[in-house]
Every structure is written in structure tokens, then in C-alpha cells.
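Asks: Structure in C-alpha cells, see below.
The values are calculated or read from the model by the stated rules, or taken from the named source; none is laboratory data. Since this is a predicted model, take the numbers as computed values, not measurements. For neighbour counting, all protein chains shown are included, and Cβ atoms are generated from backbone atoms with ideal geometry for every residue, glycine included.
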Amino acid sequence: MIELCNSTDVVEGEILRRDVEGFPAVALTRHEGQIFVFPDTCPHAEESLSEGWVEDGRVVCGVHFAEFELGSGEVHNRPAGCPNLTFFTCEDRDGKVFARLKEEA
Ligand code: FES
């Protein structure tokens, strides 16, 4: 697993972007105390999800207003061809957030 940041950096309702060498950028958020890690780039286009926001337990794309459910990744209000969002396995270990990222293809 790769260390991303301190757990306290991940604030309820906000999206934090992290650039990790050798991997596509990732985004983190916290909802009801739980941390979620997902690709910063939307699965259907090149928009950055960290420039969107979190609302009602969903990550919202600030460009197309697609909404991805935190946890399941199920997409609502999708633009054509937009699949569900995939979340990375993550852990809060001794005050640090770690995630199992996928290497760049
Ligand atoms: S870039 Fe995919 S929903 Fe906006």
C-alpha cells in the first residue's frame, strides 16, 4: 500500500487531491467518518473530480454534474458513456492514510 497523507488532512465533505509518483492522481474524501480514495480523473473524461464536490454521500463532477456514490461508485445523472467510479482499498493506519493504487498503464 502507498502512503498518501495524514488522516487529519482528509476533512469531512471536502475533496483532497494527491499526486503520487508513478500513479495517476488520486482524490480522497471523508464521509460519516470513513475515508474514501478514488481516481482523481473521472472514468469517462479528463475532468478532475477534486474540482467537484461532495453532496449527500456522493462525489459530484463539477463539469457534468454526474454523481458517484461513495463506496459503491454507482453513477447517477450520467453523461453518455460514463461508467461507475472505482474506489481503491484504503486504510487509516496510525494517523496516515494508505491505499492500494493501480499502476499507470
Ligand atoms: S468528466 Fe465524467 S462526469 Fe464529468
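Asks: Read through the list (1) in contact (Cβ under 8 Å) with a residue 24 or more places away in the chain; (2) under 16 Å from ARG100 (Cβ atoms); (3) in contact with a strand residue (DSSP E or B) (Cβ under 6 Å, 6 or more places away or on another chain); (4) not hydroxyl-bearing (Ser, Thr, Tyr), then give the number of the only condition that PHE23 fails.
Replies: All conditions pass for PHE23, except number (3).
Asks: Return the pairs, sorted by first residue and then second, in which the second residue is within 14 Å of the ligand (Cβ to nearest atom) and of a type in the set (Asp, Glu), the first residue lies in the range 52-74 and is under 14 Å from THR41 (Cα atoms) and in contact (Cβ under 8 Å) with a residue 12 or more places away in the chain, the beta carbons are less than 6 Å apart, and the residues are 6+ apart or on different chains.
Replies: Between residues of the range 52-74 that are under 14 Å from THR41 (Cα atoms) and in contact (Cβ under 8 Å) with a residue 12 or more places away in the chain and residues that are within 14 Å of the ligand (Cβ to nearest atom) and of a type in the set (Asp, Glu), the close pairs are CYS61/GLU47; GLY62/GLU51; VAL63/GLU47.
Asks: Same structure again: For the range 28-52, enumerate the residues that are within 23 Å of SER7 (Cβ to Cβ) and near the ligand (Cβ under 9 Å from one of its atoms).
Replies: Correct list: SER48, LEU49, GLY52.
Asks: Pull up the range 1-37, narrow it to residues that are among the acidic types (Asp, Glu) and at pLDDT 95 or above, then point me to the one that is surrounded by the fewest Cβ atoms within 10 Å (Cβ to Cβ).
Replies: Let us first name the residues in the range 1-37 that are among the acidic types (Asp, Glu), namely 3, 9, 12, 14, 19, 21, 32.
Still in the running and at pLDDT 95 or above: 3, 9, 12, 14, 19, 32.
Numbers: GLU3: 12, ASP9: 14, GLU12: 11, GLU14: 13, ASP19: 9, GLU32: 7.
By that ranking, first place goes to GLU32.
Asks: What pairs come out if I take residues in the range 32-50 that are without any contact (Cβ under 8 Å) to a residue 40 or more places away in the chain and pair them with residues that are within 11 Å of the ligand (Cβ to nearest atom) and among the polar types (S, T, N, Q) whose C-beta lies under 6 Å away, six or more apart or interchain?
Replies: Final answer for the pair search is ASP40/SER48.
Quick grid of which residues meet (1) within 10 Å of the ligand (Cβ to nearest atom); (2) in a helix (DSSP H, G or I); (3) surrounded by fewer than 19 Cβ atoms within 10 Å (Cβ to Cβ); (4) over 12 Å from the mean Cα position of the chain (by Cα):
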site	(1), (2), (3), (4)
VAL54	no, no, no, no
PHE68	yes, no, no, no
PRO79	yes, no, yes, yes
GLU91	no, no, yes, yes
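Asks: Before we move on, is GLU3 farther than 18 Å from LEU70 by Cα and part of a strand (DSSP E or B)? If you could, list the steps in order and put the result at the bottom.
Replies: Working: farther than 18 Å from LEU70 by Cα: yes; part of a strand (DSSP E or B): yes.
For GLU3, the condition - farther than 18 Å from LEU70 by Cα and part of a strand (DSSP E or B) - is met.
Asks: Then there is this: For the range 56-66, which residues satisfy the criterion of being more than 8 Å from the ligand (Cβ to nearest atom) and either under 14 Å from ILE15 (Cβ atoms) or under 14 Å from the mean Cα position of the chain (by Cα) (or both)?
Replies: GLY57, ARG58, VAL59, VAL60
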